[in-house]
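The values are calculated or read from the model by the stated rules, or taken from the named source; none is laboratory data. Everything numeric here is computed off the predicted structure, so don't read it as measured data. Counting neighbours? That spans all protein chains shown, and the Cβs are built from the backbone with ideal geometry, glycine included. All accessible areas refer to the heavy atoms of the entire protein, side chains included, with ligands and DNA or RNA removed. Shrake-Rupley method; radii C 1.70, N 1.55, O 1.52, S 1.80 Å.
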Amino acid sequence: MNISMLKVIQPKLGAGQIINLAPILASQIHTSTPLCRVVSGKYRITKKRDRPLTYEMANPPHFIAHRKSWNSWNTSSLKDGLRRSETAVEDEFIRRFMTGTWHGLVCSEVIIKRQFNHIRVAAIIRRAVSPTKMYFLLGYTEELLSNWIQCPVTLELQTVDSFQDVVFKYI
Amino acid sequence: MISEHSTNIAFRTKRGEEKRQWSRLVHICRTMATLEGQKVPQSSSASDGISPPQRIHRGPTDILQALAATVGPDPTAAHYKYHDDPYLIPLSNFRKRSYALSAEAGRKAAAWVRDEHADLFSMREWDPPGKKKTPYLNADPHIDAFAPKPIYNDESKVTEEDFKYTLNNALVEDAIKVFELLGGVNALSEELKMEFLQLLCFYNEKEPLAMEWLEERWFAAKTRDRHSATWRLGGLADSIFTSMEPKSSEAYCAIIQGMAKYYQAERAHLLAQEAMEKGIPLSTSVFNSLISCVGFLKEGTTLRIEALKTLLAQMKEQGLSPDQGTLSSCLKSISAWGGGNMLQQVALQVVAEFKSIGLQPGLSAYYYLLCLFCKERGPRVDILTTILNDLEKRENLVPQDATDTNFFITAMGVCSDHLQDISLAERLHKLLMKGDNYRLVGDAYKESIYYRHYITVSCRHAPFEKTLELLDTLIPNVYVPEPSVMEEIIKRLEAGGAGERLAQAWSQLVVFGHANRVRLVERLLDAFCNCYQYQDDEIKAKIRLAAGDILKFGQMAEEKEEKNEMRSPVQKLSATAMTNIIELCSDVTDKADEGWEKVSQALDRLRSQQAAGVPARPQVLAQVAQRAATVGRPTIAAAAVGYLSECGFEEATSASVATLSVMLNRSEEEVKTLLQDRSNLSALHPTALAVAEAYHEVKSGASLHQSDSSTSSESDSESSDDDC
């Protein structure tokens, strides 16, 4: 709840009105992030409790930096950081490109780490295709992404036998 | 400012507003540089005793190279071009090759997409912020390697700029296309014509394999370059050369070198004569290339040597001083003319002459010397020691010639076949591992031959411990042994009595993809049997397991063959190898041991004629029969004896008597008397009966088959009962 907002309003209004106004104000201005913490970045429990979650999915956003880590690593959001929007759009492009090119093979979030002009893309891949095909996709992805973004891109993949291996729990 | 600077490095961008800071930094650097420039010589120490060293100017990649130099090769990990994941690490030669080439194929596919859709790859979304957006490619600095490559076809509109681009990037086929589109010889300036001629002559109008595709170059099974005239006579290069008037010295140099490089020797020498008569100066490299193909002009060693000397004299007349290339092309010619004392003497004279003017032979010169002196069937000449003494003194080996990469493989071949000297081989390997020298190993093919020689000589001549150490380092990440080397290794392990490693060798065979090679597997089984006796119980069990696994592997291969999944027919293990498996697996005292299953399977295969030939050591089967009877596996005993009698081995008689005596728990004499009378036998247990039948079959020999067919058929049916 937006307590500070209430405190500002309090002296101006009568005590009786606050009760009616406060929730309306808060929902209209919508300035506070904690309001959506209830739903954002979380998965709904199913009736049969059969939705598989990876470790990353099982931990809600407030556990970032405690139990889990960021999916994009870069310095654009630091003070005087460069290319904020570009970085975000590029990251989204890389994620979609990865899941599309490695179709039905990516078992985890795609982690994107930027160091200098080097982008490292990490993911967990299912062993559903032969290693030869994987190497083809590896070369293709690295080359196309680095031509697109104009900087060296390296894939850092790990393979698992099946999606079951990355399931942390069912909800 | 420094910390801000480092955050900026995180991107390849410079913001306009920060340019001021940059210029300030640059200014400071400059003032510091000028201060340094004015500094007094550092030998005289300053008043406070501190004398900072002179500034060393660094290139842009120097730090990276220094960092890279701190990381040595790691034999415990796969090569860095492979992905570090158990599923993606290759363990056999075939896989190494196919994985690396698949990755490159993917890269090629991406490059194709980029070139085909060049308009899509000129995006501006990713422009660095603060930088004025341009209609051009945006990376800062612009990186050529990421830019789409132009495609030239009949419809393209080309300018001279395109032509220059193709020339500078050595795109031979594109250059020819653009040349045609531009309108041929007349449309070009003399300067461009010259460059084009040089390009054509260097590559003989053939598109070279692009530098980009490293793996393809590495794995290209380059056939031995044939010494035949491949120069395109009357080709584009020739016509451009004739169109050039007046012909400059450069033009002559280019065309002569091209012809000489592609073995059009006679025309090259004619043109050289023509140029010299006209008084046109030629370069040293022209003479080098002429020298390397001088042998094609004359027949016979004496005439050839004379021709070589004339050329060198002509070179002196022209006032040209020879270089290292002259030495190696002299030696190349001499080594190509065969062997013999005279040529060897001439070669030594040449080397001495060049040394006297201060030219040390390079790696390719040494390579030709090795070719000349260390012939396969020639007398043993140890020039390698001297060569190594010289090379070890050098700071680093600088590659100068493409043939430089032949040195290490040839030298290791000499160590292994010619000199058979392990200490020299080790010195040579140490030299290869020093500094940057490993790039002189050549390509995948040469590398594998190099290691083949090294491991062979080590297996034959090195102390056992050292060989094991070497094998552990090199296999499988650096090198995967071929079948012939694997046999060498098995021999060495057998001689060293390393049972555990032999048992491991079987799993290595499977992983390396050699398990289908029957000869190798049979050799391994022999080795198993030979050192089985003196192993610990634990290792014995491992060997038994491996032997059983070999049998299982053969069966699986056959099943696959029946389902038509195999491309080549499966070879079957010989009867001797089967006997070896039986001998190994039967060495158990426990009746329920899995080994007996293997034994009975192997006996089944023997009896159903699924193994080639007959066993070399039938007495082994006799022993096994007795042992099986003792343990309480009469069916196996009967099968072994039955097989012996079927093959007509004499051992069958004694074996059946001995086995029966164990089975019936009577002495051998009693058994013999029992066997005399056939009527008694019907009371026996069926397995014992089978053994008795086998005894009679061998006793009566062939006559039994003819006269007493009923007995024979009976024995057959008995034996088939046993099989079930």
List, in order, the whole-Hz ³J(HN,Hα) value for each residue of the stretch B:503-519 obtained from phi through the Karplus relation with A = 6.51, B = -1.76, C = 1.60 and θ = phi - 60°; use x for Gly and Pro. 4, 5, 4, 5, 5, 5, 4, 5, 5, 7, x, 9, 5, 8, 7, 4, 4
Which pairs in the list A:Lys133/B:Lys446; B:Lys560/B:Lys591; B:Lys332/B:Lys355; B:Lys149/B:Lys247 are over 25 Å apart, alpha-carbon to alpha-carbon? A:Lys133/B:Lys446; B:Lys560/B:Lys591; B:Lys149/B:Lys247
Taking chain B and counting helices only, DSSP H stretches of n ≥ 4 at -39,500 (n - 2.57) each over all residues, the nearest-500 ellipticity at 222 nm comes to -19500 deg cm²/dmol
Cα-Cα over 29 Å, subset of B:Lys193/B:Lys261; B:Lys542/B:Lys563; A:Lys79/B:Lys108; B:Lys430/B:Lys542; A:Lys79/A:Lys113: B:Lys542/B:Lys563; A:Lys79/B:Lys108; B:Lys430/B:Lys542
Residues of the stretch B:186-200 with amide nitrogen under 15 Å from the 7 Å Cα-to-Cβ point of B:Glu160? B:186-196
Give the long-range amide H neighbours of A:Ile125: residues separated by 5 or more places, or on another chain, with amide H under 5 Å away, using H modelled in the peptide plane at 1.01 Å from N. A:Cys107, A:Gln158, A:Thr159, A:Val160
Overall dimensions of the stretch B:435-476 as given by Cα atoms, namely Rg and Dmax in Å: 11.5, 30
Taking the Cα-to-Cβ direction at B:Lys572 and at B:Phe94 and moving 7 Å from each Cα, how far apart do the two end points lie in nm? 2.3 nm
Ratio of Rg to Rh over the stretch B:507-661 (Cα coordinates, Kirkwood Rh, two decimals): 0.97
Taking every pair of distinct Cα atoms and averaging 1/r, then inverting, what Kirkwood hydrodynamic radius in Å comes out for the stretch B:577-628? 11.1 Å
I need the phi-derived Karplus couplings for the stretch A:161-171: 6.51 cos²θ - 1.76 cosθ + 1.60, θ = phi - 60°, integer Hz, Gly and Pro marked x. 5, 8, 5, 3, 5, 9, 6, 8, 7, 10, 10
Quick one: in the stretch A:36-146, what % of C-alpha pairs are over 18 Å apart? 61 percent
With the Cα gyration tensor of chain B in hand, give its eigenvalues times 5 under a square root as the equivalent ellipsoid semi-axes, listed largest first in whole angstrom. 71, 35, 29
Counting only Cα atoms, I'd like the Rg/Rh figure for the stretch B:200-301, Kirkwood definition for Rh. 1.03
Restricting attention to the stretch B:487-591, which GluC sites (Glu not before Pro) occupy a DSSP loop and are surrounded by at most 13 other Cβ atoms within 10 Å? B:Glu565
Which angle between 0 and 90 degrees, to the nearest 10, do you get for helix B:249-261 versus the longest principal axis of chain B when only C-alpha atoms count? 10 degrees
Once R0 is set to 22 Å, what does the formula 1/(1 + (r/R0)^6) return for the Cβ-Cβ distance between B:Glu191 and B:Ala170, expressed as a FRET efficiency to the nearest 0.05? 0.80
Out of the GluC sites (Glu not before Pro) in the stretch B:403-484, which ones are loop residues according to DSSP with at most 14 other C-beta atoms within 10 Å? none
Mean shadow area of the stretch B:573-701, taken as a quarter of the surface of its Cα convex hull (nm²): 7.1 nm²
Between B:Glu317 and B:Arg267, the FRET efficiency computed from the C-beta separation at R0 = 22 Å comes out, to the nearest 0.05, as 0.50
So for R0 = 51 Å, FRET eff. of B:Asp590-A:Lys169 from the Cβ-Cβ r, to 0.05, ends up at 0.65
Cα→Cβ-extended label distance, 7 Å offset, between B:Asn396 and A:Ser162, nm: 5.3 nm
What GluC sites (Glu not before Pro) does the stretch B:313-393 have in DSSP loop regions with at most 11 other beta carbons within 10 Å? B:Glu376
So how do B:Phe408, B:Phe146, A:Phe116 rank on accessible area, 1.4 Å probe, biggest first, that is with the largest at the start? A:Phe116, B:Phe146, B:Phe408
Roughly how many nanometres apart are two label points built 7 Å out from the Cα toward the Cβ at B:Thr230 and B:Ser423? 4.3 nm
Hey, what angle do you get for helix B:444-461 against the long axis of chain B, alpha-carbon based, 0 to 90 degrees rounded to 10? 50 degrees
For the stretch B:79-100, which residues drop by 20 square angstrom or more in accessible area between the chain on its own and all protein chains together (1.4 Å probe)? B:His83, B:Asp85, B:Tyr87, B:Leu88, B:Tyr99
Nearest 100 Å² is fine: what is the total accessible surface buried where chains A and B meet, probe 1.4 Å? 3600 Å²
Test of understanding: what is the full-extension gain from B:Gln65 to B:His117, defined as 0.36 nm times their sequence separation minus their Cα-Cα distance? 15.1 nm
Length gained if B:Ser243 through B:Lys672 is fully extended, taking 0.36 nm per residue and subtracting the Cα-Cα distance, is 144.0 nm
Based on the alpha-carbon gyration tensor of the stretch B:411-553, what equivalent-ellipsoid semi-axes (square roots of 5 times the eigenvalues) come out, in whole Å, largest first? 29, 16, 12
Calculated diffusion of the stretch B:154-246, Stokes-Einstein form, Kirkwood radius summed over Cα pairs, 25 °C and 0.890 mPa s, µm²/s: 168 µm²/s
Which angle between 0 and 90 degrees, to the nearest 10, do you get for helix B:594-607 versus the longest principal axis of chain B when only C-alpha atoms count? 90 degrees
